[in-house]
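The values are calculated or read from the model by the stated rules, or taken from the named source; none is laboratory data. Predicted model, so just to flag it, every value in this text is computed and none were measured. Glycine also receives a Cβ, built like all others from the backbone with ideal geometry; neighbour counts cover every protein chain displayed.
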Amino acid sequence: MTLKSASELTIGAVITDAGNSKEFLTGDWRSKRPVIDKDKCIDCLTCWIFCPDDSIIVKDEKMEGFRLSHCKGCGICSVQCPVNAIQMVPEGN
């Protein structure tokens, strides 16, 4: 499978085929990215439940980080985190 960048998307960035999100590097759309403070994180996985892009990496029932190649920077994980362990920062910082 060849991954597709944002420059290879259709007009309007419309993806019409179901079940192909792993083929597109939608993280290229992001202007902000999530950063986790592991000292605050309680591994409740609320971020994983709410993430619309399957961008939360979970290993052994613990939040390990973010799959930034697919994260669009929507910030839902940050808003839903009950202990404010996830902050959204501008790309490049």
*asked:* Residue pairs, Cβ under 9 Å, 6 or more apart or interchain, first in the stretch 69-93 and at positive phi, second small (Gly, Ala, Ser). List them.
replied: Gly73/Gly27; Gly73/Ser31; Asn84/Ser78
*asked:* Residues that are modelled with pLDDT of 80 or more, surrounded by 16 or more Cβ atoms within 10 Å (Cβ to Cβ) and touching a Gly at 6+ places or on another chain (Cβ under 8 Å): list the strands (runs of 3 or more DSSP E) wholly contained in the chain that include at least 2 such residues.
replied: 32-36
